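Report on the structure given below.
The values are calculated or read from the model by the stated rules, or taken from the named source; none is laboratory data. Please read all numbers here as calculations on a predicted model, not as lab measurements. With ideal geometry, Cβ positions are generated from the backbone for all residues, glycine too; neighbour counts draw on all protein chains shown. Side chains included, ligands, DNA and RNA excluded: accessible areas come from the protein's heavy atoms. Shrake-Rupley method; radii C 1.70, N 1.55, O 1.52, S 1.80 Å.
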Amino acid sequence: MTEIKYSVSRLFPVHKKYPTPSTYGFIGIFLDTNEHSRTIIRDLRTKAPMLVQRAIYPDTQFPQMAYIYLMSSSGGILEGDTLETRIIAGKNTVSHITNQAATKIYKCTGKLSKQLVDIHIENNSYLEFIPNQIIPFRSSRFYQETRLKVEEGSTLIYSEIISAGRIASDEKFQFQVCGLRINVYDNNDRILFSDFMNLEPTANFSGTEFIFGNKTIYSIVYLITSPERSRKIELEFDRIVRKGKLYVSWSTLPNQAGLIVKMLSDSIDDIKDVIHSITDSSRQIILQK
């Protein structure tokens, strides 16, 4: 059996106190490989309302890949809540992580709703972190901070999908604030790139609508990998982006960190279809022996 290389203290955050009725939820996952080279959850820590489903292995082409679903027993993120996710993907692990439903951000009268994501990918690992869309409700205030560390020889595909709101309830761009910050580091803790998006439609509706290009869904995909791998994957993009009626653009990331893809659409299915095509092409190029 592989020795557990991480203590519980590394997965658990420093104790935090949040005033009632605010909630602090936490997930800590350490991924490792077993004697059959299958990726498993070696260590897991959770704090309600956050939960993790047992790893499953539905992909017959890549049977070593663990599919992991993050879940919450609450209906969304309320004012003052903080949800934190920490993932350590050990060496040679292969995994796909998503959540069970869209993240709903409820009305806030003052405090922010927060989500913190910290992912560390060790050498020669492959991880797809593909959550469902964030839906900011009317008068909501949301901030998300993401820290990614990707070591040499590894690949991380990280995506975000932002909705303009509950469109069916006539809540297009009715939220107050939706801010997302991401910082990405190499194995020497040297920053590779940083990205930040701050939407405040109630203060600047026309500017926010312009960012969405008159569409209702915005998505961004970061494909963090080696220059050689990113060039091979980019060759597939012309075929990938022809799917659906959506706007797509892509570019290389700073410091030869990989590729960035941005999409605008009115269809969540079209967005998810392109993301699936990106991950499928990446698997064929990177994992296929």
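Which cross-chain or sequence-distant (5 or more) residues have an amide H under 5 Å from the amide H of ASP43, H modelled 1.01 Å from N in plane?
Close amide H contacts, sequence-distant or interchain: PHE30.
I need the fraction of alpha carbon pairs in the stretch 34-102 separated by more than 21 Å, rounded to a whole percent.
Values: 745 of 2346 pairs.
Cα-Cα pairs in the stretch 34-102 separated by more than 21 Å: 32 percent.
Suppose R0 equals 22 Å. What FRET efficiency, 1/(1 + (r/R0)^6) with r the Cβ-Cβ distance, do ARG166 and THR109 give to the nearest 0.05? Mind dumping the intermediate values first?
Values: r = 18 Å, r/R0 = 0.83.
The calculated FRET efficiency here is 0.75.
Taking only the alpha carbons of the stretch 153-289, what extent do you get along each of the three principal axes, in Å, biggest first?
49, 34, 18
Let me check something: with ligands and nucleic acids excluded, how do LEU259, LEU51 order by accessible area (1.4 Å probe), largest to smallest? Could the numbers behind the result be given before it?
Values: LEU259 0, LEU51 80 Å².
Reading off the accessible areas and sorting them downward yields LEU51, LEU259.
Return the FRET efficiency for the residue pair THR46, GLU200: r is the Cβ-Cβ distance, R0 is 45 Å, and the value is rounded to the nearest 0.05. If you can, show how the numbers build up before the last one.
Details: r = 33 Å, r/R0 = 0.73.
That pair, THR46 with GLU200, gives E of 0.85.
Give me the Å³ per residue figure for the convex hull around the C-alpha atoms of the stretch 48-192. It would help to have the intermediate numbers written out before the result.
Working: hull volume 17.3 nm³, N = 145.
Output value, Cα hull per residue: 119 Å³.
Skip the ligands, DNA and RNA, and give the accessible area per residue of the chain with a 1.4 Å probe, whole Å². Please report the intermediate quantities before stating the final value.
On the way: 13550 Å² over 289 residues.
So the chain comes to 47 Å² accessible per residue, rounded to a whole number.
Taking all protein chains in place and a 1.4 Å probe, what share, in percent, of the accessible surface of the stretch 139-289 do carbon and sulfur account for?
Values: 3180 of 7040 Å².
On the stretch 139-289, the fraction of accessible area on carbon and sulfur atoms equals 45 percent.
Can you tell me the alpha carbon radius of gyration of the stretch 166-247 divided by the globular rule-of-thumb value 2.2 N^0.38 Å? Write down the numbers at each step before the final one.
Numbers: Rg = 16.9 Å, N = 82, 2.2 N^0.38 = 11.7 Å.
Here the Cα radius of gyration is 1.44 times the empirical estimate.
Provide the solvent-accessible area of ASP43, counting protein heavy atoms only and rolling a 1.4 Å probe, rounded to the nearest 10 Å².
20 Å²
As a test of reading the structure, rank THR216, THR46 by solvent-accessible area (1.4 Å probe, protein chains only), most first. Numbers along the way, then the final one.
On the way: THR216 20, THR46 60 Å².
Sorted by accessible area, descending: THR46, THR216.
What does the chain give for Rg and for Dmax, in Å, if only its C-alpha atoms count?
Reported Rg and Dmax, both Å: 18.7, 58.
Under 20 Å from the 7 Å Cα→Cβ point of ARG147, by amide nitrogen: which residues of the stretch 28-54?
Counting backbone N atoms under 20 Å from the label point, the list is 28-31, 44-47.
Rg/Rh for the stretch 94-140 to two decimals, with Rh computed the Kirkwood way over all alpha-carbon pairs. Write down the numbers at each step before the final one.
Details: Rg = 14.6 Å, Rh = 13.0 Å.
The Rg/Rh ratio comes out at 1.12.
For the chain, what is the percent of antiparallel DSSP beta bridges, rounded to the nearest 5? Walk me through the intermediate numbers first.
On the way: 43 of 95 bridges.
Here the antiparallel bridges make up roughly 45 percent for the chain.
Once you list every other residue whose beta carbon is under 10 Å from the beta carbon of SER159, what net charge do they have if Lys and Arg are +1 and Asp and Glu are -1? Write out the running numbers ahead of the final one.
Details: positive: LYS272; negative: GLU128, GLU160.
Surrounding charge for SER159 is -1.
Separation of the stretch 38-61 and the stretch 247-273 by C-alpha centroid, Å?
After rounding, the separation between the Cα centres reads 27 Å.
Each residue of the stretch 90-98 in order: what ³J(HN,Hα) in whole Hz does its phi give by Karplus 6.51 cos²θ - 1.76 cosθ + 1.60, θ = phi - 60°, with x for Gly and Pro?
Rounded to whole hertz, the list is x, 4, 6, 7, 9, 8, 10, 10, 8.
Which value at 222 nm does the chain reach when only helices count, each DSSP H run of 4 or more adding -39,500 (n - 2.57), with the total divided by all residues and rounded to the nearest 500 deg cm²/dmol?
Details: 5 runs with 42 residues, N = 289.
Per the formula, -4000 deg cm²/dmol.
Across the stretch 99-113, in residue order, what do the Karplus-derived ³J(HN,Hα) couplings come to in whole Hz, using 6.51 cos²θ - 1.76 cosθ + 1.60 with θ = phi - 60° and x for Gly and Pro?
10, 7, 7, 4, 8, 9, 10, 8, 3, 10, 9, x, 6, 7, 9
Of all the Cα-Cα pairs you can form in the stretch 133-204, what percent are over 14 Å apart?
Working: 1617 of 2556 pairs.
Result: 63 percent of Cα pairs exceed 14 Å.
With the radius of gyration and the Kirkwood radius both derived from the Cα set of the stretch 71-154, what is their ratio Rg to Rh? Write down the numbers at each step before the final one.
Values: Rg = 14.8 Å, Rh = 14.0 Å.
So for the stretch 71-154, dividing Rg by the Kirkwood Rh gives 1.06.
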